[in-house]
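Chemist: Got a structure here, written out as C-alpha cells. Questions coming.
The values are calculated or read from the model by the stated rules, or taken from the named source; none is laboratory data. Since the model is a prediction, treat every value here as computed from it, not as a measurement. Backbone-built Cβ (ideal geometry, glycine too); neighbour counts: all protein chains shown. When the accessible area is computed, the model is the full protein with side chains, heavy atoms only, and any ligands, DNA or RNA have been set aside. Shrake-Rupley method; radii C 1.70, N 1.55, O 1.52, S 1.80 Å.
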Amino acid sequence: PFELVLIHPQKVPEDLQERVAFWAFPTDEETVLRFLNLSSVDSETSLRSSKDSTPSRQIQERIKLNITQIGMHITAEVYPDKKLAKPSTRVYHPSIRVDRGCITEYRCSCQAAGVCSHVKELCMARMHMDCVLRVHAPLSESLNHLDGSQLQKLVQYLAEKTPRLIPSLQGLVSELQDPKSEINAIDGAPDPTAGGLCSERAFWYLDRVAIKANLKRNYEKIIQGLGATDRETHRRGPTINSVIKDLPKYLLGIEQ
C-alpha cells in the first residue's frame, strides 16, 4: 500500500513513488478480462485475451492518447464513433482506481450501471500500454511541494475552472475556520489517489446488480437452447440468487 511510502522515515524519491503507482494496476490479463466481462453492462461483447487475438486497434482510435494516472487513480478521455477531438463530439470520462493489483472502483460520465464500454477501453489501453501514459505521484505528495501562495492560487483557479465546486470549497473553508470543527480535530486529510491503508485489504469491486443481470441473461440463453428434459434438470439446479449469494467465494478466481 502507498501508505508505506508516506510514513517512511526518509524521503522516498518521486520517481520511485510513480513506479509504485504504476505497478498497482493488476498484471494478470486473464483476471482483468474476467472481471470486465463479468461486470459488463454489454453482455453481447466479451473481451478476449491477447493470447487469442490481437488487441483491437479501435482502442487506440477511440481513446485520446493522454491517459493520466495520478497515484492509484487512472482517467482518460474517450471519443465515441472513432472520432477524435471535434467540437460536436461528446467526450466520455471513464476512471478507475487500483490498489495492490485490484481494480477497486470504476465510474464513467456516461453513468451506465456496471462496466461500460468506456471503462473497458480504458482498462485495455492501460493493460497493453497502447497509449502515452503519464504517471504522477499521489496528489498529496504533489501538494507537499507547494507553498502557501501556490496553494491559495490552486484553490482559486479550481473555483474559476469548476464553478460548481464553489459551494463545497466555501463549506470546507468555513469548517477550517472553526477551531471546534471535526475537520480540525483530525490529522491530515483524505487522498483519493493514494489507495488503501496498510490495515485494509485491497478488493476487486464487484457490482452485484450488473453481475446478477449478466448471469441471468446468460442463464436464460442456456435454458432456451436446451431440450425439455435438460431444461427441467437445469431448473432444479442452483438458482441465480443462490449463485449471487456465494459469488464472493466462487468468483472464478477473483478474490473478494
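Chemist: Tell me which residues, restricted to the stretch 126-145, are open to solvent by less than 70 Å² (accessible area, probe 1.4 Å) and either under 30 Å from LEU33 (Cα atoms) or charged (D, E, K, R) (or both).
Modeler: ARG126, MET127, HIS128, ASP130, CYS131, LEU133, VAL135, ALA137, PRO138, GLU141
Chemist: If you don't mind, there's one more thing I want to ask. From the list VAL20, VAL5, VAL32, exactly one residue is at pLDDT 70 or above, surrounded by 13 or more Cβ atoms within 10 Å (Cβ to Cβ) and touching a strand residue (DSSP E or B) at 6+ places or on another chain (Cβ under 8 Å). Which is it?
Modeler: Going through VAL20, VAL5, VAL32 in turn, the sole match is VAL32.
Chemist: I need a count of the residues in the stretch 98-139 that are of a type in the set (D, E, K, R) and either under 17 Å from TRP204 (Cβ atoms) or modelled with pLDDT of 90 or more (or both).
Modeler: Total satisfying the criteria: 6.
Chemist: Right, next: Under 6 Å by Cβ, and 6 or more places apart or on different chains, what pairs join a residue from the stretch 94-107 that is of a type in the set (Lys, Arg) with one that is crowded, with 17+ Cβ neighbours inside 10 Å?
Modeler: Listed by first residue and then by second, the contacts come to ARG97/MET72; ARG97/HIS73; ARG97/THR104; ARG100/ALA202; ARG107/SER95.
Chemist: Now for a different question. Looking only at the stretch 146-177, which residues are surrounded by 11 or more Cβ atoms within 10 Å (Cβ to Cβ) and in a loop (DSSP other than H, G, I, E, B)?
Modeler: Result: LEU146, THR162.
Chemist: Mind checking whether some residue in the stretch 236-243 is at positive phi and either modelled with pLDDT under 75 or not in a helix (DSSP H, G or I) (or both)?
Modeler: no
Chemist: Return a yes/no flag: does the stretch 209-225 have any residue that is under 30 Å from VAL135 (Cβ atoms) and modelled with pLDDT of 85 or more.
Modeler: no
Chemist: Can you pull out the residues in the stretch 179-208 that are among the β-branched types (Val, Ile, Thr) and either open to solvent by 90 Å² or more (accessible area, probe 1.4 Å) or at pLDDT below 90 (or both)?
Modeler: Selection gives ILE186 alone.
Chemist: I'm told ASP42 meets every condition in (1) under 26 Å from LYS216 (Cα atoms); (2) modelled with pLDDT of 90 or more; (3) of a type in the set (Asp, Glu) except one. Can you identify the failing condition by its number?
Modeler: Going through the list (1) under 26 Å from LYS216 (Cα atoms); (2) modelled with pLDDT of 90 or more; (3) of a type in the set (Asp, Glu), ASP42 breaks only (2).
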